[in-house]
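Everything below concerns the one structure shown next.
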Amino acid sequence: MKTLLILAAFMVVSCNSTGSNTIKSKKTYTTEYCKKGKKLWAKSLLGQQAPEFEVEGWISEKPNLKNKFVLIDFWGIYCPQCKKAIPELNEISKKFKNKLVVVGVADNSKELVLSMKSHKIEYYSAFDTQRKLKRKYEVQGIPHVVIVAPDNTIVWEGFPFLQADRLTIEKISKIINQ
């Protein structure tokens, strides 16, 4: 039964839309993009000011988020899709280190994240078992990624592997070089 529920959840996340969940500017933002077939497992905050960044604690050192784009990856150690994203996020973190800070926010304990042997996280990492930040973004399913611009505006959000709007290095490059 649990397997069927997980499978059903991933099927709902996938959609046949070609609608984008990236904004070019605040003026072109519209909440209508969700009606184009984009499914989110969180409240859409695209084009809005990001909530205050608050987590329970840090696994890595705490990053300086000032004047940079910030990619927040909500994830969990028991989520296969989340672990699949770690090598890509490592690459993104290295490629854009001067303009973008990548932060993984696990809803697991620090000890549990540190015990994970299958994937090495090379970007900033926080734990939030109290789910403070996750509640602020109203995230209901993981992985969920948000990109926040230096002016604190949310410029991309969603499931990073969504076929219609996959989060790629090319897409991130366009976002941070606009």
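Points worth noting:
- Residue ID - nearest to Ile172 (Cα to Cα), chosen from residues in region 45-67 that are assigned to a strand (DSSP E or B) and in contact with a Phe, Trp or Tyr (Cβ under 8 Å, 6 or more places away or on another chain): Trp58
- Evaluation of Glu122 against (1) modelled with pLDDT under 95; (2) more than 17 Å from Ile176 (Cα to Cα) (one fails), failing number: (1)
- Any hit, region 82-96, residues being surrounded by 17 or more Cβ atoms within 10 Å (Cβ to Cβ), in contact with a Gly (Cβ under 8 Å, 6 or more places away or on another chain) and in a strand (DSSP E or B): no
- The sole residue among Ile92, Ile23, Ile6 that is closer than 13 Å to Ile147 by Cα and modelled with pLDDT under 95 is Ile23.
- Any hit, region 33-56, residues being modelled with pLDDT of 95 or more and among the basic types (Lys, Arg): no
- For region 68-81, a residue qualifies if it is part of a loop (DSSP other than H, G, I, E, B) and either modelled with pLDDT of 95 or more or in contact with a helix residue (DSSP H, G or I) (Cβ under 7 Å, 6 or more places away or on another chain) (or both), and the qualifying residues are Lys68, Gly76, Ile77.
The values are calculated or read from the model by the stated rules, or taken from the named source; none is laboratory data. Keep in mind that this is a model prediction, so the values were computed, not measured. Heads up, the Cβs are rebuilt from the backbone with ideal geometry, glycines too, and the neighbour counts pull from every protein chain shown.
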